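Quick one: the structure is below, questions incoming.
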Amino acid sequence: MSDGVVRVVRAARPVPVAAVLSVFRRGGGDPTSRRDDTGLWFAWRTPDGPVTLRLTAPRAVAEEVTVQAWGSGASWMLEQVPALLGEADDPSGFDAGHHRLVAEEWRRHPGWRVPRSGLVVQNLVASVIEQKVTGKEAFAGYRRLVRRFGEPAPGPGEAMRLVVPPTPAGWAAVPSWEWLAAGVDPGRSRTVAAAVRYAGRLEECASMPRDAAHARLTALPGIGRWTWAEVAQRALGLADEVSFGDYHVAKDIGWALTGTPVDDDGLAELLEPWAGHRYRVQRLLELGGHHRPRRGPRMSTPTHLPVRGR
């Protein structure tokens, strides 16, 4: 196996690599990611082309992470790795002490930071597919589409059956019946097709101020508050972008902090003491497994009616 391009990242704090990067895994069968005894693997599409990325560390929490990359996107991706590990995230001003549970999770995950991949289009497409359906259904649809229309990951990624997501043109060319077969209704597939037409402009959001990036993304049809937050959290590394509009997030955080599920308005009020770090609170509670008991009926995926973007 070729060594690819190698970089050793020495972080400013011990990094819990798996915890930081877990947000990029789209379900257990995600064809773009894998974890084995040699490290964490990702097959992604950068602005310079496909890349297979492997991150290894001597311990679960380590200050030194060795990164290997293969493919035409290798150099681009290696430049992003410190931010991917959360080195660009600044937790100063975050006061976990406003609530006992948040303080407890901050003590348990002191090295966790908001990661920033810089991959706007890749995260946008996946988030649109996840709009208003259960995670299981969304992950199954994304998995089917990536395996069918993506390409084998470069270097050792191909032997591992990792798949790089389609190019913007590839997403635009997915036939309507393939979207439906993947459980993605016409509303969401049209949103993807419209968005990828502006792939270059969207990737520019990674280097723009928050408000400018928000204005550019949400100007697209079908991209609303929830989808913006999902992209901002992963691609832009913004620590204040909460998943408002999610079926579970407000209820889970309300239950964790007060014992009672809340709606989005209640969530905004609950998180006000952490303004500037509200997503940080959301993710810490998720990492701690703080979810309300699930008693309600499961949502189902419509396959014939358009769904408005969130």
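What does the extension gain come out to for Glu64 and Glu204, with contour length at 0.36 nm per residue minus their alpha carbon separation? Please report the intermediate quantities before stating the final value.
Working: separation 140, 0.36 × 140 = 50.40 nm, distance 2.97 nm.
Result for the pair: 47.4 nm of gain on full extension.
Hey, another quick one. What does the C-alpha gyration tensor say about the overall shape of the stretch 31-157? Classify as rounded when a/c is under 1.5, otherwise prolate if a/b is larger than b/c, or oblate.
Oblate is the answer for the stretch 31-157, as a/c is 1.5 or above yet b/c matches or exceeds a/b.
Taking R0 as 22 Å, what FRET efficiency do you get between Thr38 and Arg13 from their Cβ-Cβ distance, rounded to the nearest 0.05?
My answer for the efficiency is 0.35.
Hey, what do the phi angles of the stretch 224-229 turn into as Karplus ³J(HN,Hα) couplings, whole Hz, using 6.51/-1.76/1.60 and θ = phi - 60°, x for Gly and Pro?
3J(HN,Hα) across the stretch 224-229, in whole Hz: x, 4, 5, 5, 3, 5.
Quick check: net charge around Leu270, other residues with Cβ under 13 Å of its Cβ, Lys/Arg +1 and Asp/Glu -1? All intermediate terms of the calculation are to be shown ahead of the outcome.
Details: positive: Lys251, Arg278; negative: Asp252, Asp263, Asp264, Asp265, Glu269, Glu272.
Within the 13 Å Cβ shell, the charges total -4.
In addition: Rounded to the nearest 0.05, what FRET efficiency is calculated for Asp48 and Arg100 with R0 set to 45 Å and r the Cβ-Cβ distance?
0.45
Give me the one-decimal nm value for the distance between modelled label points at Ala88 and Thr56, 7 Å along each residue's Cα-to-Cβ direction.
2.7 nm
Let me ask something additional. Rounded, prolate or oblate: which fits the stretch 1-97, taking a ≥ b ≥ c as square roots of the Cα gyration tensor eigenvalues, rounded meaning a/c under 1.5, else prolate when a/b beats b/c?
Note, shape of the stretch 1-97 comes out prolate.
Between Gly39 and residues 5 or more places away or on another chain, which pairs have amide H atoms under 5 Å apart, with H built 1.01 Å from N, and which residues are they?
none
A further question on this structure: Quick one: 3J(HN,Hα) in Hz for the stretch 59-64, Karplus 6.51/-1.76/1.60 with θ = phi - 60°, rounded, Gly and Pro as x.
My calculation for the stretch 59-64 gives 9, 4, 10, 8, 7, 10 Hz in order.
What does the C-alpha gyration tensor say about the overall shape of the chain? Classify as rounded when a/c is under 1.5, otherwise prolate if a/b is larger than b/c, or oblate.
Here the chain falls in the oblate category.
So, one more: Report, by chain and number, residues whose modeled amide H sits under 5 Å from the one on Leu238, excluding near sequence neighbours (fewer than 5 apart, same chain).
Gln233
Taken together, the values in this text are just the output of simple stated rules run on the coordinates, not laboratory data. This is a predicted model, so every value here is computed, not measured. In this analysis, Cβ positions are derived from the backbone assuming ideal geometry, glycine residues included, and neighbour counts consider all displayed protein chains.
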